[in-house]
Amino acid sequence: MKKSLIFGAALMLVGAFSFQSCANESKPGVPTEAAIDNGTELADVIVSHAKDGVLALPKSVVELNVSADLDLSQVEIQNDSPLILNVAGGVKITLGKNLNNVSINGNAEAPATIEATETVGICGTEDSPIGIANAKFVIADNLALENAVIDATAIADPLIALSAEGGKVKNQDVYTDAAATDFNLLGEVAIKNVMIKNLKNSIISTNGQDWALVSFIIENSIIQLDNKDKNFIAFDATANSKGAIKNISITNSTIYNINETSSAFFIRFANASNAAKAFGTNNGTSTYDWVFTNNTLINTFKGKNFGNNTVNNSKTNITMTGNIYVDVKNISKFAQGNCTKVIENNFGFGEGQEASMSTKLEAAPFTVPTNALDLTAENGGLNLTPSGDAAKAGDPRWIAE
């Protein structure tokens, strides 16, 4: 993640994507030869120029408007040039196809909602990452965000909320407990090579529904929070909800919070038994893999434990290696006692550090940032190169060669 974004200017980032291919799903369409003015309503362009569910845009089209709710679930946009969608206040865009090389510029007073009813990838490229501002996501199927720069300053809600209407799939073979018929199944949510600024709420929330998520991934990303009291990974939206995650992978990333009075859990389930109800633990075949390696975490969070109501059984494999924790409290509440654990080469500073989880530092190994990400600067304007004993730990982007 070397560079950043300004809307209407160059869009630059890094990355490669594995889970949800962001390639076009249809054969390449032939761009229309008719003139399309920049600033035209996307809905009008679809009516006039889409063919067989494909809107193939000429390179000259770089900016279109969305002034009212728009259903794109059956439309695939193919664009050789980076495209910006200027979305009016409070508008909802419904996706059912991949959205490639398309930036979304919502309204700060009334942010847009991007609803995904099918598995979708919303992706930029290494040379041309997308920008997303003033927009949140509500999903009912798998989601991939890749090569994106996200300004969440105006978003009060979770960045990604699982649909309140529930998912399309229930009681799959992966379920091994009768109670699991109450769960909605989701395969994967992946955030790769993304910068996020001023995230005030959860990065993902069950939205009060009973969701079982097989895999949640954050990779090679910088996420800056301005979060006082919202759990970062919130599968606990109501006291009776049954949210659970089977596999978690957070790697090669930096997550830091500039709110000095923060008090929230990094991850919380409503009940520790929910994963067993959704995926099973007692039949000898179901395992849970939680990988947390080479990350730099700052103030996530000071006021509460790192985890709450998470899985605590021998079928849960937890790997936590090469991390730096500054003002991160009681990591053991994430890596609980009955889990099968590999805990190595971690370093921690601040209250709540535990000898079993990290080597305690006498001082922070870098200058702790207090400002929001600068989306116009390389690596968000941060320099978190660690010194001393922790010099070779943390997010690899900061490690001196």
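The values are calculated or read from the model by the stated rules, or taken from the named source; none is laboratory data. What you see is a predicted model; the values in this text were computed from it and never measured. Backbone-built Cβ (ideal geometry, glycine too); neighbour counts: all protein chains shown. Each accessible area value is taken on the protein alone, full model and side chains, heavy atoms only, with ligands, DNA and RNA left out. Shrake-Rupley method; radii C 1.70, N 1.55, O 1.52, S 1.80 Å.
Could you tell me whether the stretch 34-43 includes any residue that is in a helix (DSSP H, G or I) and either over 17 Å from Asp127 (Cα atoms) or modelled with pLDDT of 90 or more (or both)? Yes, the stretch 34-43 contains at least one residue that is in a helix (DSSP H, G or I) and either over 17 Å from Asp127 (Cα atoms) or modelled with pLDDT of 90 or more (or both). Filtered by the rule that a residue be open to solvent by less than 50 Å² (accessible area, probe 1.4 Å), out of contact with any Asp or Glu (no Cβ under 8 Å at 6 or more places or on another chain) and within 20 Å of Thr316 (Cα to Cα), the stretch 326-342 gives Phe334, Ala335, Gln336, Cys339. In the set Ile298, Ile267, only one residue is under 21 Å from the mean Cα position of the chain (by Cα) and closer than 26 Å to Gly388 by Cα; that residue is Ile298.
In the stretch 79-114, of all residues being assigned to a strand (DSSP E or B), surrounded by fewer than 22 Cβ atoms within 10 Å (Cβ to Cβ) and in contact with a Lys or Arg (Cβ under 9 Å, 6 or more places away or on another chain), the one that is modelled with the highest pLDDT corresponds to Thr113. When restricted to residues that are in contact with a helix residue (DSSP H, G or I) (Cβ under 7 Å, 6 or more places away or on another chain), open to solvent by 10 Å² or more (accessible area, probe 1.4 Å) and not in a loop (DSSP other than H, G, I, E, B), the stretch 284-308 contains 1. Screening Asp127 against (1) closer than 29 Å to Ile233 by Cβ; (2) over 17 Å from the mean Cα position of the chain (by Cα); (3) charged (D, E, K, R) leaves a single unmet condition, (1).
Scan the stretch 68-75 and tell me whether some residue there is surrounded by fewer than 20 Cβ atoms within 10 Å (Cβ to Cβ), in contact with an Asp or Glu (Cβ under 6 Å, 6 or more places away or on another chain), free of Cβ contacts under 8 Å to residues at least 40 places away in the same chain and of a type in the set (D, E, K, R).
no
Considering the stretch 222-278, and only residues there that are open to solvent by less than 10 Å² (accessible area, probe 1.4 Å) and among the aromatic types (Phe, Trp, Tyr), the residue that is nearest to Leu186 (Cα to Cα) turns out to be Phe235.
Residue pairs whose Cβ atoms lie under 6 Å apart, sitting 6 or more positions apart in sequence or on different chains, and linking a residue in the stretch 331-353 that is more than 13 Å from Val311 (Cα to Cα) to a partner that is of a type in the set (Ser, Thr, Tyr) and open to solvent by 40 Å² or more (accessible area, probe 1.4 Å), are Val342/Thr319; Phe347/Thr359.
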